[in-house]
Amino acid sequence: MTAALRYPRLLALQLRVSLTTAMQYRADFVVEGLMSVYWVSWNLLPLLILYADRPSVAGWDFPSALVVIGWFVVLRGILEGAINPSLVDIVERIRTGAFDYVLLKPADSQFLISTARFAPWRIIDVIGGFVILVIAFARLGRTPAVGDLAAGGLLMLAAVIVMYALWVGVVAASFWVVRLDNLTYLLGALFDTARWPVQVFRGAWRFLFTFVLPMALMTTYPAMALLGRIDVTTALACVAGALALAIGARLLWIGAVRNYTSASS
Amino acid sequence: MSLRSTARAVPQLLRTGLAETVAYRAEFVVWMLTTTLPLVMLGLWTSVAADGEFRGYSSPDFVAYYLAALIVRNLTGSWVVWQINDEIRRGILAMRLLRPVHPFVAYAASHVAAVPLRGLIALPVTVILLATTARDSLTHDPLQIALILPSLAGAWLLTFAFLFGLGCLAFFIDKSMALLDVYFGVFAVLSGYLIPLSMLPSWLPTVARWLPFRFMLSAPVEVITGRELGAGGAAQLVALQWGYAALILALALALWRAGVRRFEAVGG
Amino acid sequence: MIRATDLRKHFRVHKRPPGLAAAVRSLWHRKYETVKAVDGISFAIARGERVGFLGPNGAGKTTTLKTLSGLLHPTSGTVEVEGHTPFRREGAFLRQITLVMGQKQQLLWDLPPADTFAMNRALYDVPVAQFDATMKELTELLDLGPLVTKPTRQLSLGEHMKCELACALLHRPTTLFLDEPTIGLDVSMQLAIREFIRDYNQRHEATVILTSHYMEDVVALCPRVIVIDGGRLIHDGDLRGLIKTMHPGKLVSFTLTAPMADDELARLGAITREGNRVVVQIAEAALREAVGHLLASASVTDLSIEDPPLEVVMRALFKDGAAPATT
């Protein structure tokens, strides 16, 4: 096979393996589906309470805030379906020593590790999130303009890259710098904050969620783009931020593997 | 196993537990940091309340409520479900059954041993923040203040017993860890962890008042913040809480006995 | 060709002493110590050789193997495998080697081995025709048959190991690093795997480097052994040479038909007695005379001359080490 096609084909193969595995546990489909519905309603509860008394908070009315939550649910589906399973797997492989086999394969180790495992049933979350997005725009009584859709799509892609980079970076750091295997859980807990538009937080909180932990990049800005409320500079800054984080994560990964091969026993 | 020999074993169990906590301190701190929910809700509601009170809560009221919730959650957190599941899966549980100390005591000791470190990390900052920014939203009644510790202890016992019982379900069903997720969802809503109980819609506040979840978190928070309570009300609350703790504890131990019998029959 | 020159690998490890007081103290003062896992080892191995690494637990065998396969970066010294520097892990190098660790698996747990095979075929870019041929050969040699389509979690330990080996050899590597490949297997399975490794070595002129706790593996497979203890190389040569240097002489055993005094026997060499059966250790030079003397004696029958068993040699070799490499 040609070099250009090699990685897409490997990805397809890994996906097929995950799908085959998932098919062995078909009953999970029902359980996961019910759990998804449960958690989405759980997430909506504070929003409903808040907007029952206030028509708008920090410039966000109910349907617009619903756009943020909808995209948040999609993103979390991607996180738990396509990113987290593999990364939890690395920690386990390092513990058992099976990580050695990954390093000895003639393909990029970050690619192999990032695509090692998928949780296909999480597609339910992704679909559910898009349903919320549709409901939100139905309540707004309009469809997004074509330009907004394009900008939204671009920023959503940037959001997925940001999320992936953060998670890979944390996993690399966790077996290189701090030697802790539960850092991804911390990141997961922090990610829950991304379900709120960043503008509802003030002062230090907003700074923290925009620049230190780029939750705003992941949900608020893509939602604003879909709603046609973002300016070009912010949009470009988001894309630049995503690229910078991706490069940073790559460097961290290379450093971590180099350290693994010089320090582990 | 006599009560006396158990009592003799407890100090060593506590020492070992404390040594473990210290040894895994970094992991420990990370786990504590994952309790971000109250802080996020705090950030959210204080921003909302900055435009005017929300359902009777001012900005300092929210600060008091969620910081108190953070303290209670950190002091009463339990990982016993995870522990039991892991030990069954790895076949270590059988070893535990051979020791002459009831596993409930052993698990409880390892949890109690973690409380000092948890307190050391969680308390200083939160208490200072409470005292400086939300003084007027806290109780000033000395009798009610005296009830804070018993209500915290009651919340700890109730939470631990409940989760111990939940952990015992691992003897009967394969995927009992999934139940932990469900539990957390229900707990967060009905204990006042996500939102103060009085703010829940329609009939939920009435139901939540009488379910055990309230006494795991909301009760001590109510005692600390003193909202519409008074010393008499606080005493009633704590009495009810300890009643619930005793009941749940009895149920959990019965579940354990049934589970172990099944475990012995099937051989794990 | 594999060449290691003055290879060293040191680790810095954190000491976590037991007890609460020590644990609290280690909050401020962390004690580190340097472990010299491999401490100045040199050897050269030609293409097609079968070499056994021997040594007690923690001697540095696995560390050496990992350094040769490119998983570890040497602290100092140089390593070269078939013209490559292992730790760079270039594609061309990785396609030539394989590492099998008896205690670590690479097969996907929930799926049949065939799925992992397909994955490795893609990873190593093995052409379909070659893959099919290799698969056919491996299936025959390892007697895989229906195993490859059963979920891995349902395989027995031995079946699992056979599939792990097949998986590791699908890309037809010419350098095999085998770390305890027969650990935990029963005798007949050990025998099968041993035969397979020898066969693979001869068919593909592959270099085989093996560590094992089972002395029989090494005796049966490796004409050459490298003994490592405490991170240092203490013997490199054939087994016979190892036995000679460690344990000069032969063991002469015979049965007594009439009683004979111990001190008369002891003149010949060190003796051990079990009822009528006597074993005497006799130096090579004195062997001819002593055996002649014994055979001439009317009270000796059933005499045999043997090399000392390798276990005994190894035990002597590691007498101050932790555990001798025997089972």
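The values are calculated or read from the model by the stated rules, or taken from the named source; none is laboratory data. The model shown is predicted, which means the values in this text are computed figures rather than measured ones. Every residue, glycine as well, gets a Cβ built from its backbone with ideal geometry; the counts of neighbours run over all protein chains shown.
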Residues of region C:99-122 satisfying the condition of being within 8 Å of another protein chain (Cβ to nearest Cβ), touching a helix residue (DSSP H, G or I) at 6+ places or on another chain (Cβ under 6 Å) and in contact (Cβ under 8 Å) with a residue 60 or more places away in the chain: C:LEU99, C:GLN106
Got a sec? Which of A:ALA82, A:ALA4, A:ALA65 is of a type in the set (Gly, Ala, Ser) and closer than 23 Å to B:ALA188 by Cα? A:ALA65
Across (1) over 29 Å from A:LEU48 (Cβ atoms); (2) assigned to a helix (DSSP H, G or I); (3) not small (Gly, Ala, Ser), B:VAL189 clears everything bar (1)
Answer from C:GLY48, C:GLY52, C:GLY70, C:GLY58 - the residue that is under 30 Å from C:VAL312 (Cα atoms), within 12 Å of another protein chain (Cβ to nearest Cβ) and among the small types (Gly, Ala, Ser): C:GLY58
Looking at (1) under 18 Å from the mean Cα position of the chain (by Cα); (2) buried (at least 17 other Cβ atoms within 10 Å of the Cβ), which is the only condition C:ALA44 fails? (2)
Conditions first: (1) assigned to a loop (DSSP other than H, G, I, E, B); (2) modelled with pLDDT of 90 or more. C:THR134 passes all but one, so which condition is the exception? (1)
Residue that is surrounded by the most Cβ atoms within 10 Å (Cβ to Cβ) [pool: residues in region A:49-77 that are more than 18 Å from A:GLN199 (Cα to Cα) and in contact with a Phe, Trp or Tyr (Cβ under 9 Å, 6 or more places away or on another chain)]: A:ARG76
It is to be established whether one or more residues within region A:42-65 are under 30 Å from C:THR116 (Cα atoms) and away from chain C (no Cβ under 14 Å). no
Enumerate the pairs (first residue in region A:104-129 and more than 14 Å from chain C (Cβ to nearest Cβ); second residue anywhere and assigned to a helix (DSSP H, G or I) and basic (Lys, Arg)) with beta-carbon separation below 8 Å, excluding pairs fewer than 6 apart on the same chain, so at least 6 apart or on different chains. A:ASP125/A:ARG76; A:GLY129/A:ARG76
Could you tell me whether any residue of region C:89-97 is in a strand (DSSP E or B), facing chain A (nearest Cβ under 9 Å) and under 23 Å from the mean Cα position of the chain (by Cα)? yes
A careful count of residues in region B:38-53 that are of a type in the set (A, V, I, L, M, F, W, C), touching a Phe, Trp or Tyr at 6+ places or on another chain (Cβ under 7 Å) and facing another protein chain (nearest Cβ under 7 Å) gives 2
Take the residues of region A:181-203 that are more than 7 Å from chain B (Cβ to nearest Cβ) and of a type in the set (A, V, I, L, M): which is nearest to B:THR35 (Cα to Cα)? A:LEU187
Looking at C:SER212, C:SER253, can you tell me which residue is small (Gly, Ala, Ser), modelled with pLDDT of 80 or more and farther than 30 Å from C:LYS36 by Cα? C:SER253
In region C:147-157, what residues are in a helix (DSSP H, G or I) and at pLDDT 90 or above? C:LEU147, C:VAL148, C:THR149
Could you tell me which numbered condition C:GLY184 fails, if it satisfies all but one of (1) surrounded by fewer than 18 Cβ atoms within 10 Å (Cβ to Cβ); (2) in a helix (DSSP H, G or I)? (2)
Just the residues that are modelled with pLDDT of 90 or more and among the charged types (D, E, K, R), please, taken from region B:60-111. B:ASP61, B:ARG73
Check region C:58-75 and report whether any residue there is in a strand (DSSP E or B) and of a type outside the set (S, T, N, Q). no
Which residue out of C:THR75, C:THR85 is touching a residue at least 40 places away in the same chain (Cβ under 8 Å) and surrounded by fewer than 22 Cβ atoms within 10 Å (Cβ to Cβ)? C:THR75
For the structure I just gave you, tell me whether B:LEU217 is within 19 Å of the chain's Cα centre (by Cα) and away from chain A (no Cβ under 14 Å). yes
